[in-house]
1. When both residues are 6+ apart or on different chains and their Cβ atoms are under 6 Å apart, which pairs have a first residue that lies in region 201-229 and is in contact (Cβ under 8 Å) with a residue 12 or more places away in the chain, and a second that is assigned to a loop (DSSP other than H, G, I, E, B) and buried (at least 16 other Cβ atoms within 10 Å of the Cβ)?
2. Restricting to region 121-133, give me the number of residues that are exposed (fewer than 12 other Cβ atoms within 10 Å of the Cβ) and either within 28 Å of the chain's Cα centre (by Cα) or under 18 Å from LEU103 (Cα atoms) (or both).
3. Mind telling me which of the residues LYS219, LYS213 ends up being under 36 Å from the mean Cα position of the chain (by Cα), assigned by TED's automatic domain parsing to the domain that holds GLU176, among the basic types (Lys, Arg) and closer than 13 Å to THR150 by Cα?
4. So, in region 37-73, exactly how many residues are surrounded by fewer than 17 Cβ atoms within 10 Å (Cβ to Cβ) and of a type in the set (A, V, I, L, M)?
5. In region 231-265, what count of residues is obtained for those that are in contact (Cβ under 8 Å) with a residue 40 or more places away in the chain, closer than 15 Å to TRP175 by Cα and not in a helix (DSSP H, G or I)?
6. Are any of the residues in region 54-76 β-branched (Val, Ile, Thr), within 19 Å of ALA129 (Cα to Cα) and assigned to a helix (DSSP H, G or I)?
7. Do you know which residues across region 14-31 are touching a residue at least 12 places away in the same chain (Cβ under 8 Å), under 22 Å from VAL80 (Cβ atoms) and surrounded by fewer than 17 Cβ atoms within 10 Å (Cβ to Cβ)?
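The values are calculated or read from the model by the stated rules, or taken from the named source; none is laboratory data. What you see is a predicted model; the values in this text were computed from it and never measured. Cβ: placed from backbone, ideal geometry, glycine included. Neighbour counts: every protein chain shown.
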Amino acid sequence: RARHLHQAVQEVQAKYGGHVPENKKDVQSLKGVGDYTAGAILSLAYGQKEPAVDGNVLRIFARLYDIEENILSTPVKKKVTALVAEQLPDEAPGAFNEALMDLGAMICIPKHPRCPDCPLQELCLAHRAGKECELPIRLVKKKSPVEDITVVVVRKGEQWLIHRRPPTGLLASMWEFPNAQGKGEDGLRAVCQLLAKKGLTLAADDQPVGSLKSVFSHKTWQMTIYEGCITQGKLEEEEDWQWIDCKDYASLPWAGPHGKITAMV
């Protein structure tokens, strides 16, 4: 944050003559400035009717309006921001935003809110329903597991060896380069074993030509790409294993990130 603040100050000096800009677009363009910081600057410093929604404000409005949805989700943040914007007074919007922050920090606190001391007690839908300790709902998205994948682009002249994925599951029936789970020597060994089952002996370069990261809803592939060639054996072409001309790659339905690999080799 300190580095971002320092860079933002430099931007203000260089682009705006040392004066913090007074419109939302320019403020948000500064390093490290998001929606909340922009709203705080514009409302507190310039008296503009801009909401400043932080965790405290999200918690207050989740209880005030009995929002039984994940307050960390983008739709709920937008909903709360719109609600705050509706409530902002024409006079002293910055004081209003600051009051909400203080209310959340001192009264409408996490887990055990101090409802008897709250000036909004009579308006709070969660308090009426006896749910003030149950709200807000915070669902932190679990990090998806990362799988190391070794890919070898096997070339024979102007041809590539490709494989079609199974007809069901992730990226079903799409084409890919030979690959296997693993990293470094372990990954290369696994690809060699895969091709050995087809009667092929693989010689792969020691150094990768590139890497790719592909994020799916339930997992992440961290892919390392090598080049190689077949030194022994002949592929008996079948439905799921084929040699293709390099120039024909664009006509194939590539399995996700495998289409990007063609630009690396």
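1. Close Cβ pairs satisfying both conditions: LEU212/PRO257; SER214/GLY256; SER214/PRO257; THR224/PRO208; ILE225/PRO208; TYR226/PRO208.
2. 2
3. After applying the criteria, what remains is LYS213.
4. 2
5. So the count comes out to 13.
6. For region 54-76, residues β-branched (Val, Ile, Thr), within 19 Å of ALA129 (Cα to Cα) and assigned to a helix (DSSP H, G or I): present.
7. LYS24 - this is the single residue of region 14-31 that is touching a residue at least 12 places away in the same chain (Cβ under 8 Å), under 22 Å from VAL80 (Cβ atoms) and surrounded by fewer than 17 Cβ atoms within 10 Å (Cβ to Cβ).
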